[in-house]
Amino acid sequence: MSEVILKGLKKVYDNKVTAVHDVNLHIADKEFIVLVGPSGCGKSTTLRMVAGLEEISEGELYIDGKLCNDVEPKDRDIAMVFQSYALYPHMTVYENMAFALKLKKVPKDQIDKKVREVAQILDITQYLERRPKALSGGQRQRVAIGRAMVRDPKVFLMDEPLSNLDAKLRNQMRAEIIKLRQRINTTFMYVTHDQTEAMTLGDRIVIMKDGYVNQIGAPQDLFNKPVNLFVAGFIGMPVMNFFYNSKLLQEGGKYYAEIKGVKFELSEFQQKALSANGQKPCEIVAGIRPNYLSVGSGDLKAKIEVNEMMGAEVHLHANCQGDEVVMVIPTVGLKVDVSQGAEVSFNTKPELIQLFDKESGNNLIWYDEVSARENHPVSKCYKF
Amino acid sequence: MDNWQLYLLLLIPVIITVIYKYIPMYGIQIAFRDFKATRGYAGSEFVGLEWFERFFSAPTFGRMMKNTVLLSLYSLLWSFPIPIVLSLCINQLRFHRYKRVVQTVLYAPHFISTMVICGMIRIFLSPSGGLINLLLGSQVDFLTQSNAFRTIYIASGIWQDAGWGCIIYLATLSNIDTTLYEAAKVDGASVFQRIMNVDVPALLPMAILMFIMSAGSLMNVGFEKVWLLQTDLNKATSDVIAVYVYQQGIENAKYSYSTAVGLFNTAINLILLFIVNKISSKASDVDFI
């Protein structure tokens, strides 16, 4: 059992700046959790508090059931992979990997066995006698992971480990981490600012902004059930389209979303959820993912400003009465004129429309007040 | 000439170096001539290695060589590691204000002139009320004791320059990626182990460079300080080549002779520089020359 529990974790620096506000998180044994958010959102600080590299200002941290607030990093049974690899430049790959075990006074033959075993898993055996400067970025990252692996830690902490790699290598390493995770099967805490990494790696994702947790959930939940505008805009590529000055209407006992003067009768589920929440008609921001817009028919109109040909699909950047809209259209069977300056009609399915309160930015359907109040915001559950 | 401004800036130090370092080399020829100011450099009589022979056969040659080499060698052995240790200690200080105060206190003696330093040393070592004698409860006139001269010279040198010498090491330490310390912390390294496994290896190339540079001036014992601390009773250990050059060249106006002695000194330094560089490059893969 190596669960990690963060109870009201807070970080206040000496200059009174609060970097992390009251984070509550329960990471289950062998779970892969990803902390994601823009720069300065407090994700790395949270990870560093778990690692013991930052003092915890308030709250409690439990690793494997043990209160670890004042426990030295070496005694927390964790291993960390850093963004800059943090390999000792004067040591060989072998020495780098063996260093922690050497400090623990593990017998030499055991160190050798462990290092070679891990090197084989990571396919770096041929580099064991090299110094880090003689390795490529990807190889260095493998060594950094190997250094963490040899310790058999209860919790694996990774602070943006792929950020220094180029796009191709990043994709490759991401796949390797997924395989590695299946192989070593321990608890992972992974920090990234890249939502693709978060979506592909995490069992659950924690989205942070300005030191606050905005939503915790499975990748698909975050994509389909974002609790607020920030989460909706952060997850998904290209980002969700937002139609400002939209309205939620209620006519004849039914809810409608009015976007740019076009009325959409909401789906049965949406009707039930809004009714359950006692939702009154109001001004909203309507959110629709670029892939959920179909071009060629419909009452919504937009003028194409930029046309990005991506091969299998084309990304259209259009202007819809003052709001910028991005549409992702498959190129196969494309019959509509999508040249720059052309006007296109587009449509969507009502169940794919996300409804956000204009004032608070909270999702009218998925925002759960109880979990938000307790600082572990998750999407609301419905039992109809 | 895209970057002519940079070349223009470079021109200034180049001109200064040529004027003050290269043009005077023309005067080295007087080491091989019997220089007479009225005849000029080229017009003075060529005497070959006569001045060198005279220096090697001087009765004080052996003593001067021994004193110069020993004083330099001991200075190097004691003064070289202390700034490194000091910088490692200062680097561990976490309170920035305290760190700055410590650094300023350590740098300060460097800005005191040698003349004043020597005056202070004389006061500290005075047999009547000097600080050292008060601490030891003795009344010894240390400057009249030839066996105390090297210790006085080296210890005061450390006091004056160790703080200043550690600046370059502190700059090197400040460039170390802080995640290395964090990684070491997570790996379970103690403070001492972090110093030995992160700081010291990072300092090594700079330390070797500084060692080569120091070794290259092994024979250059500071003339002023020795001259100012020298007494008739400590000459057995304080008689060094630099003072001899000054005495012969300035006091006795033997320009050719003192130039020959100085040239000999420089040649030895150059040889030492290459030897040390060769040894250190073999030992550490770092080659600076």
Notebook entry, point to check: Does any residue in the stretch B:182-198 that is more than 8 Å from chain A (Cβ to nearest Cβ) come within less than 9 Å, Cβ to Cβ, of a residue that is surrounded by fewer than 20 Cβ atoms within 10 Å (Cβ to Cβ) and among the hydroxyl-bearing types (Ser, Thr, Tyr) six or more places away or on a different chain, and which pairs are these?
Noted result: B:ARG194/B:TYR181
Item checked: Failed criterion for A:VAL71 (all others in (1) in contact (Cβ under 8 Å) with a residue 60 or more places away in the chain; (2) within 14 Å of chain B (Cβ to nearest Cβ) hold) -> (1)
Item checked: Those residues of the stretch B:210-263 which are among the basic types (Lys, Arg) and surrounded by fewer than 17 Cβ atoms within 10 Å (Cβ to Cβ), in sequence order -> B:LYS235
Item checked: Condition met for B:PHE149 (touching a residue at least 24 places away in the same chain (Cβ under 8 Å) and under 25 Å from the mean Cα position of the chain (by Cα)) -> yes
Checklist line | Any chance A:LYS247 is in contact with a Leu (Cβ under 9 Å, 6 or more places away or on another chain), surrounded by fewer than 18 Cβ atoms within 10 Å (Cβ to Cβ), of a type in the set (Lys, Arg) and free of Cβ contacts under 8 Å to residues at least 40 places away in the same chain | finding: no
Check: If A:MET237 passes every condition in (1) surrounded by fewer than 20 Cβ atoms within 10 Å (Cβ to Cβ); (2) part of a helix (DSSP H, G or I); (3) of a type in the set (A, V, I, L, M) but one, which one does it miss?
Finding: (2)
Checklist line | Hits in the stretch A:200-218 (condition: surrounded by 19 or more Cβ atoms within 10 Å (Cβ to Cβ) and either in a helix (DSSP H, G or I) or β-branched (Val, Ile, Thr) (or both)) | finding: A:LEU201, A:ILE205, A:VAL206, A:ILE207, A:VAL213, A:ILE216
Note to self: I'd like the residue in the stretch A:75-119 that is closer than 23 Å to A:LYS30 by Cβ and either more than 10 Å from chain B (Cβ to nearest Cβ) or among the basic types (Lys, Arg) (or both) and, out of all such residues, is surrounded by the fewest Cβ atoms within 10 Å (Cβ to Cβ).
What the structure shows: A:GLU117
Next item on the list: Just give me the residues in the stretch A:29-47 being small (Gly, Ala, Ser) and loosely packed, with under 15 Cβ neighbours inside 10 Å, in sequence order.
Entry: A:SER39, A:GLY40
Checklist line | strands (runs of 3 or more DSSP E) lying entirely in the stretch A:287-384 (those with 1 or more residues that are in contact (Cβ under 8 Å) with a residue 60 or more places away in the chain) | finding: A:313-320, A:323-330, A:354-357
Check: Within the stretch B:132-151, is even one residue touching a Leu at 6+ places or on another chain (Cβ under 8 Å) and closer than 30 Å to B:ASN277 by Cβ?
Finding: yes
Notebook entry, point to check: Looking at (1) aliphatic (A, V, I, L, M); (2) exposed (fewer than 13 other Cβ atoms within 10 Å of the Cβ); (3) at pLDDT below 90, which is the one condition that is false for A:LEU334?
Noted result: (2)
Checklist line | Only listed residue being outside any loop (DSSP other than H, G, I, E, B), in contact with a helix residue (DSSP H, G or I) (Cβ under 7 Å, 6 or more places away or on another chain) and within 14 Å of chain A (Cβ to nearest Cβ), chosen from B:ILE208, B:ILE212 | finding: B:ILE208
Check: Quick one: which of A:GLU359, A:GLU343 is among the charged types (D, E, K, R) and closer than 28 Å to A:PHE230 by Cβ?
Finding: A:GLU359
Margin query: With the requirement that a residue be among the β-branched types (Val, Ile, Thr) and either within 8 Å of another protein chain (Cβ to nearest Cβ) or under 18 Å from B:ASN277 (Cα atoms) (or both), what does the stretch B:168-181 give you?
Written below: B:THR179
Next item on the list: Starting from residues that are out of contact with any strand residue (DSSP E or B) (no Cβ under 8 Å at 6 or more places or on another chain) and not in a helix (DSSP H, G or I), keep the ones in the stretch B:1-35 and report whichever is modelled with the highest pLDDT.
Entry: B:PHE35
Check: Pick from B:GLY48, B:GLY43: which is at positive phi and of a type outside the set (Asp, Glu)?
Finding: B:GLY48
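The values are calculated or read from the model by the stated rules, or taken from the named source; none is laboratory data. Values in this document were obtained by computation on a predicted structure and should not be read as measured data. All Cβ positions, glycine included, derive from the backbone under ideal geometry; neighbour counts span all protein chains shown.
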